[in-house]
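None of the figures in this text is laboratory data; all of them are computed from the coordinates on show. Here the structure is a predicted model, which is why all the values come from computation and not from measurement. No Cβ is skipped: glycine too gets one built from the backbone with ideal geometry, and neighbour counts run over all protein chains shown.
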Amino acid sequence: MTVPVFIGDEWTAAGWRLAGARVMVPDVEPAAVRAAFDEACEASPPLVLVAARFARLLDSDRLMQARRMLDPPVLVIGDAAGSDRPDDVAGAIRERMGVAR
């Protein structure tokens, strides 16, 4: 059975570990985050969750390419402390549809 993969800080990772996800807590530097992200995506989990703080360290083109492929689905989420806000997916969809508030 495959499980989702979480990439981010140790506090948020603790919660995802309790929920049954595989967690990766790389150093907060672009090369380490990129290596963890590539390793996670190559393992073909059902879902890759990346904390917003760590997603900002990835090359934006690489992140968008992975998100467009949807294999595995990649979601940028907030951290346990609420210090970094995740993507506003619903807002982006409304804006593209021309119904932004």
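Where a ≥ b ≥ c are the square roots of the eigenvalues of the C-alpha gyration tensor, would you call region 1-53 rounded, which needs a/c under 1.5, or, failing that, prolate if a/b is larger than b/c, or oblate?
Details: a/c = 2.35, a/b = 1.17, b/c = 2.01.
Taking the square roots of the gyration eigenvalues as a ≥ b ≥ c, region 1-53 is oblate.
So for the pair LEU70, ALA35, with labels modelled 7 Å out along Cα→Cβ, what separation do we get in nm?
The answer from the label model is 3.3 nm.
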